[in-house]
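Working notes for the structure below.
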């Protein structure tokens, strides 16, 4: 997620999370080694979790990060930790068959428990707490889909219920939505504190970290991978690309399969206990069901963290902060007196099938495409890749279902797309129109929203 170069009046154009934690103490510039067992490109949740797993198993690991550890979404995301994928079980089974589709759904749910267990067992001071989530129906027509989703989630052991009308306000503090799905197995985390704990563990484990060192290309020569950088080359037995929404042309085949989509967040000043209780009566994390979704929660400092995909067009943090503040006041009019202290934004890594992917192509491993669920999936995929590349013999080291699905390029014109999503503004307007119609169209037809 990128920071604008010019200041914006009224708020700091930087992630609020960065003010809550000291920068990770990174090693000074030092020469690249000639060889490593594994080179990891990308120093976020996935890359660092994999590196930690590998180093603890005795592997020589080099981690290359183009900026600083956690510079991207890993220290800037909304802090929501929840189960599930963009698709439900029935949709996945229609697409991939009953067995594989069911396993994909299961692994998507399990990612929450994997991430929660990792954060707590490692002892990271990340302000994590399980608080439950509310998924708010953008329109009445979305309630049926949420009921089906709830049935699928409870069938695999999760706990939840549907609420409507006045019960929505009791759960989520807002009357803006006609109903919501409540799922108890969800939580919130301070993403920068999580990243700080993870980065510190990586360095303590002996991973050879090189920040401000961008990978420029990778050559595969038999059993050897040669990673090229501006500072020289590193030879390794395996390479993992873990760059998600900041994937560049280091491996063009991978870049053609990732869509960097902007997501933006604002943070308010701390509010009084009474206002906080009115906005977040149950302390839940929440998001809604529209394509240009909003997501939010009230954190431990009683700040409202409110984000969304405010625009698919080239924009600025100042403009998206204005859009998000307007949206925030639609959902929570009681927040009208709160000042916005921080606003920021950056990239979410989407794929053309809206599924995450990990695997190997032409001798290069990859793990990415989290579609907005990177805290859980990024952690799970990093742990899996660490065990895989470390040749773990643990019983738990079974392949994830995501390793058995194809990783598609852009449909029809995959050979044209080169990582620049020039088509997103047009797609965004279609999504925005669809959101408007779902919410407002029935009124023109004499029905309810």
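A short reminder: the numbers here are calculations on the coordinates, not readings from a lab. If you're wondering where the values come from, they're calculated on a predicted model, not measured in any experiment. Neighbour counts are summed over all protein chains in view; Cβ atoms, including those assigned to glycine, are modelled from backbone coordinates with ideal geometry.
Descriptive notes on the structure:
- Compared with the dominant principal axis of the Cα atoms in the chain, helix 191-204 is inclined by about 20°.
- Antiparallel bridges, percent of DSSP beta bridges restricted to the chain (to nearest 5): 70
- Helix-only mean residue ellipticity at 222 nm for the chain, each DSSP H run of n ≥ 4 adding -39500 (n - 2.57), per residue, nearest 500: -10000 deg cm²/dmol
- In this simple spin-label model, placing a label point 7 Å from the Cα along the Cα-to-Cβ direction at both residue 30 and residue 403 gives a separation of 3.2 nm.
- Against the chain, whose longest principal axis comes from its Cα atoms, helix 143-155 is set at around 50 degrees.
- Of interest is the spacing of the C-alpha centroids, which for the range 245-304 and the range 206-225 amounts to 32 Å.
- When you count the other C-beta atoms within 10 angstrom of each residue and take the mean per peptide, 282-293, 226-237 line up highest first as 282-293, 226-237.
- Among 148-155, 379-386, 261-268, the order from most to least packed when residues are scored by Cβ within 10 Å on average: 379-386, 261-268, 148-155
- Tilt relative to the chain, helix 424-444 - C-alpha long axis, 0 to 90 degrees, to 10: 20
- If you run the Gaussian network model on the chain, springs between alpha carbon atoms under 10 Å, then out of 222, 43, 132 the most flexible one is 222.
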